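Everything on this sheet refers to the single structure shown next.
We did not get these values from a lab; they are worked out from the coordinates using the rules stated. Every value quoted in this text rests on a predicted model; they were computed, and no experiment measured them. Cβ: placed from backbone, ideal geometry, glycine included. Neighbour counts: every protein chain shown.
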Amino acid sequence: MEVVLEVDDADAVTKSALRRIADDAEMPAAERAHAESAVTEDTAEALAYLVDPFDLVSQVPGVELQQASWSSERVDYDPDSPDWDLDEDDGDDSDG
């Protein structure tokens, strides 16, 4: 699965992630400080605090999440460009 997102309000994403971190009563202070710093410096980190891959697929019949990881990069997205053909096989022979 590959997801392309356009963030049109990075401040809103960051503020929402900071609220989620602040609301986590179980998070140790040192981890909280690190998390706050990470989400403030990188919108992708903020998004990672807000979107749980398990939640994305947990209600899909026949699907069990085995592993999830985050990576991100800034790109100039042009949906009309042939470089962004989402139906194109990326060389990964796995089915899921």
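Based solely on its DSSP helices, what 222 nm [θ] is calculated for the chain when runs of n ≥ 4 H residues each add -39,500 (n - 2.57) and the sum is averaged over all residues, nearest 500 deg cm²/dmol?
Calculated from helices alone, the mean residue ellipticity at 222 nm is -12000 deg cm²/dmol.
Give me the net charge for the shell around Leu56: Cβ to Cβ below 14 angstrom, other residues only, Lys and Arg +1, Asp and Glu -1.
-4
Once you keep just the Cα pairs under 8 angstrom separated by 6 or more residues, what percentage relative contact order results for the chain?
Reported as a whole number, the value is 21 percent.
Quickly work out the Asp11-to-Val60 label distance, labels modelled 7 Å from Cα along the C-beta direction, and quote it in nm with one decimal.
3.5 nm
Between Arg20 and Asp80, what is the label-to-label distance in nm when each label sits 7 Å out along the Cα-to-Cβ direction?
3.5 nm
What is region 1-50's relative contact order, in percent, from Cα pairs under 8 angstrom and six or more apart in sequence?
43 percent
Give the dimensionless ratio obtained when the Cα radius of gyration of the chain is divided by 2.2 N^0.38 Å.
Scaled against compact globular proteins, the figure is 1.31.
Under the Karplus relation 6.51 cos²θ - 1.76 cosθ + 1.60, θ = phi - 60°, what is the ordered set of whole-Hz ³J(HN,Hα) values for region 4-21, x standing for Gly and Pro?
So the Karplus estimates, Gly and Pro as x, are 10, 10, 10, 9, 9, 8, 4, 5, 5, 5, 4, 4, 5, 5, 5, 5, 4, 5 Hz.
Where in the chain is the longest stretch that carries no GluC sites (Glu not before Pro) classed as loop by DSSP and with at most 14 other Cβ atoms within 10 Å?
The segment 27-63 is the longest one with no such site.
Quick one: net charge of Ala44's neighbours, Cβ under 12 Å, K/R +1, D/E -1?
My count for the surroundings of Ala44 gives -3.
Taking the Cβ of Ala22 as the center, what net charge do the other residues with Cβ under 14 Å away carry, scoring Lys and Arg +1 and Asp and Glu -1?
Local charge sum for Ala22: -1.
Figure the gain on full extension for Asp52 and Met27 (residue separation times 0.36 nm, minus the Cα-Cα span) and round it to one decimal in nm.
7.3 nm
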